[in-house]
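Notes follow the structure.
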Amino acid sequence: LVKSGALKDLNEHFSLTYICSDSVTLCLPNSYRVNFFNQRTALVKWTDYFLWHLTFVKLFRKNMGLKQGHKNYKITMFSRKLRFLLIVSSLPVIYEIAMLFMEKLIVRYDKAIYNCLKKINPEIVILPGGPFDPFGLDVIKCTKKLRIKSVMCVLNWDFFSNKGLLRAKPDIVCVWGQQMYEMVVGTNRTSREKVKIIGVPQYEIYRKKISMSDARKHLGLPEDKKLWL
C-alpha cells in the first residue's frame with residue numbers, strides 16, 4: 001500500500017502514522033514497531049493456527065456442502081487428528097461455540113498493539129487485508145475494544161474465495177470488484193453498507209508507469225479497438 005502510492009491522497013490531506021510488526025523491513029516515516037507474535041504462549045499460537053484453518057475448512061464446507069467440503073486437497077494435507085478436529089469443529093453450532101470460546105478466552109487480543117493504538121489514538125485505522133494475518137486480526141480486535149473505526153483494503157484476489165472466513169470484521173471492507181463484493185456480503189454475512197468497491201489498491205503503482213495510449217503503441221496494439229484478454 002505504501003510503495004504503490006495507494007495512500008498518496010490520504011498522505012497529502014491527513015497526518016498518517018504507521019504501525020507494523022517487528023518483522024517489517026520497509027523503513028516507514030512516523031512509524032511504530034510492535035513485537036507481538038513472539039510474546040505469545042505455545043497454547044495461544046497453536047489455538048491461533050487452529051482457528052485460521054478452522055475458518056478455511058468452514059468456508060469450503062459452505063461453498064461445497066458438508067459431504068464435499070472437507071475433501072479439498074489442502075485440507076487432506078492435514079494430519080488425521082487435526083483434520084478430524086477441524087471437520088467436527090466446523091459443524092453448525094459447534095463452529096460458533098468453538099470460535100467464540102477460543103477467540104474470547106484463549107487468543108483474545110494483543111496488549112502491545114492495544115497499548116500502541118491507545119497511545120496514538122487515531123481517528124481511523126486502515127489495514128491491508130491478507131489471509132492468515134495474525135497482526136491485522138489483532139489490530140481489528142483492538143480497534144473494536146478502543147471504539148476506533150477500521151477499514152480493510154483487501155490485497156489478495158482469492159482472499160474471500162479460497163482463504164477462509166473473517167475472524168473479526170472491520171467497519172468497512174474495501175474490495176476489488178463485484179464478485180468479491182458478493183463473497184463478502186454472502187459467505188461472510190457482512191452488510192452491504194459495510195462493503196465498498198475500490199479496485200486493487202496495490203495496482204495504483206501502474207498508473208504512474210505508462211499511459212494507456214503509450215502502452216498500446218509499445219505492444220503494437222490498435223488504439224481504436226476494444227481488447228479481450
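Could you please find all residues in region 9-45 being closer than 20 Å to Gly129 by Cα, open to solvent by 80 Å² or more (accessible area, probe 1.4 Å) and either part of a loop (DSSP other than H, G, I, E, B) or in contact (Cβ under 8 Å) with a residue 24 or more places away in the chain (or both)?
Ser23, Thr25, listed by residue number.
If you take just the helices (runs of 4 or more DSSP H) that sit entirely in region 51-147, which of them hold at least 1 residues that are hydroxyl-bearing (Ser, Thr, Tyr), open to solvent by less than 30 Å² (accessible area, probe 1.4 Å) and modelled with pLDDT of 90 or more?
80-89, 94-101, 134-146
Regarding Lys169, is this residue in contact with a Pro (Cβ under 9 Å, 6 or more places away or on another chain), open to solvent by 20 Å² or more (accessible area, probe 1.4 Å) and either β-branched (Val, Ile, Thr) or free of Cβ contacts under 8 Å to residues at least 60 places away in the same chain (or both)?
Taking the combined requirement at face value, the residue does not satisfy it.
If I ask for residues that are touching a helix residue (DSSP H, G or I) at 6+ places or on another chain (Cβ under 7 Å) and more than 16 Å from Met152 (Cα to Cα), which ones from region 176-209 would you list?
Taking region 176-209 first, the residues touching a helix residue (DSSP H, G or I) at 6+ places or on another chain (Cβ under 7 Å) are 180, 183-185, 187-188, 190, 192, 195, 197.
Of everything in region 176-209, just one residue is touching a helix residue (DSSP H, G or I) at 6+ places or on another chain (Cβ under 7 Å) and more than 16 Å from Met152 (Cα to Cα), namely Thr187.
Taking only region 79-99 into account, find how many residues are within 16 Å of Asp48 (Cβ to Cβ) and over 23 Å from the mean Cα position of the chain (by Cα).
Step one: of region 79-99, the residues within 16 Å of Asp48 (Cβ to Cβ) are 82, 85-86, 89, 98-99.
Next cut, over 23 Å from the mean Cα position of the chain (by Cα) only: 82, 85.
Count: 2.
Scan region 148-165 for residues that are open to solvent by 30 Å² or more (accessible area, probe 1.4 Å) and not aromatic (Phe, Trp, Tyr) and jot them down.
Selection gives Lys149, Leu155, Asn156, Ser161, Asn162, Lys163.
Quick grid of which residues meet (1) of a type outside the set (Gly, Ala, Ser); (2) touching a residue at least 40 places away in the same chain (Cβ under 8 Å):
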site: Ser191; (1), (2): no, no
site: Ile198; (1), (2): yes, yes
site: Gly220; (1), (2): no, no
site: Lys225; (1), (2): yes, no
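Among all residue pairs at least 6 apart or on different chains, which show Cβ distances below 7 Å where the first residue, located in region 173-187, is part of a loop (DSSP other than H, G, I, E, B) and the second is of a type in the set (D, E, K, R) and open to solvent by 20 Å² or more (accessible area, probe 1.4 Å)?
Thr187/Lys62
Could you figure out which of (1) open to solvent by 80 Å² or more (accessible area, probe 1.4 Å); (2) at pLDDT below 95 isn't true of Arg216?
(1)
Among the residues of region 186-201, which ones are surrounded by 16 or more Cβ atoms within 10 Å (Cβ to Cβ) and at pLDDT below 90?
Within region 186-201, Thr187, Asn188, Thr190, Pro201 qualify.
The values are calculated or read from the model by the stated rules, or taken from the named source; none is laboratory data. None of these values were measured; they are calculated from a predicted model. We place every Cβ from the backbone using ideal geometry, glycine too, and count neighbours over all the protein chains shown. When the accessible area is computed, the model is the full protein with side chains, heavy atoms only, and any ligands, DNA or RNA have been set aside. Shrake-Rupley method; radii C 1.70, N 1.55, O 1.52, S 1.80 Å.
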